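Data first, discussion second: the structure below is written as structure tokens.
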Amino acid sequence: MKPKTKLLLYHLMWSAEAMTRPTYRTLSGSFESWAYQNGFLQRIHALEKADLLESRIEEGSLDRVYRLTQKGALKALDGRNPEIQWSREWDGKWRFILFDVPENRRPLRSQLRQTLQKAHFGCLQKSVWLSPDPTDHIHDELARLKVDASTLTLIEGRPCGGESVMDLVSSAWSFNEINRRYKQHQQHLTRLPSAQASDLPSKLKQWTEMERLLWATCMQKDPLLPEELLPKYYDGRKAWEHRVKIMRKAGTLMRKLHFDYSAK
């Protein structure tokens, strides 16, 4: 998806009245004029075709109203809605991936680790990774790497050496680093420009660009584990709640300004 389209989804996401089920909002001719001037109108039509956005003419009005579909809202969140991730059920089983790639295939070993990190597996050791979720989503990625089956083992089950769930979670994922990233993001949220700030469109655009970047770094590291697996010292939930609160304020400014939100 092109950067401008991602920005548009982000804009619409936080300008909506609700997040997991965005509510219809009248976006008058001024919105369509703004979208046209910034090269977004064609993208809006493309988003409708892709079932990411939907529109209709309200009864008794000539205004066209838009909303993100649930698919569109998920896209605006780069494919991961924390609330949905945390609320998913866990069947009590761990999925382990063990590999022993020869030294002469070091690049493949690095690719394999990067693939598992991207899929939010936790690392118990350099060659032992685990996830609470089924591994179906990773099979195609592993197949593309052309890993010799004799060097890779997938196991589903439960540890039997007395290890607690929290022992595994704390060992496999660095929650200190995850919390550090959330703290950095939270600090940035406090810098939201006020409605009275001079040159507000420029400042708000810079602020939102950094907000998106910092949140992405949080999502890169956070596996968004099912709630029962989350450590007590995990800061992700309160960070998400704070983000929603502040981004609603930012969304109000976005709606009022209709500033140039195009990517350079």
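No value in this document is a laboratory result; all are computed from the given coordinates. Please read these numbers as outputs of a predicted model, since none were measured by experiment. Backbone-built Cβ (ideal geometry, glycine too); neighbour counts: all protein chains shown.
Assuming R0 = 25 Å, can you tell me the calculated FRET efficiency for the pair Ser202 and Lys6, based on Cβ-Cβ distance, to the nearest 0.05? That pair, Ser202 with Lys6, gives E of 0.80.
Centre-to-centre, using Cα atoms only, segment 179-195 and segment 79-157 are separated by 32 Å. Our coupling estimate for segment 195-202, obtained by passing each phi through the Karplus curve with A = 6.51, B = -1.76, C = 1.60 and θ = phi - 60°, is 4, 8, 5, 6, 6, 4, x, 5 Hz, Gly and Pro reported as x. Summing charges over all other residues whose Cβ lies under 10 Å from the Cβ of Asp78, with Lys and Arg as +1 and Asp and Glu as -1, gives +4. Backbone phi angles across segment 73-81, fed through the Karplus curve with coefficients 6.51, -1.76 and 1.60 (θ = phi - 60°), yield HN-Hα couplings of 5, 5, 4, 5, 9, 6, x, 9, 8 Hz in residue order; Gly and Pro are listed as x. Label separation (Glu241 vs Glu141): 3.1 nm, computed from points 7 Å beyond Cα along the C-beta direction. Note on Ser174 and Glu89: the model spin-label points, each 7 Å out from Cα along the C-beta direction, lie 3.5 nm apart.
Qualifying GluC sites (Glu not before Pro) in segment 82-171, where qualification requires a DSSP coil assignment and no more than 16 other C-beta atoms within 10 Å, comprise Glu89, Glu163.
Judged by the mean number of other Cβ atoms found within 10 Å, the most tightly packed of the peptides 65-72, 190-197, 205-212 leads the ranking 65-72, 205-212, 190-197.
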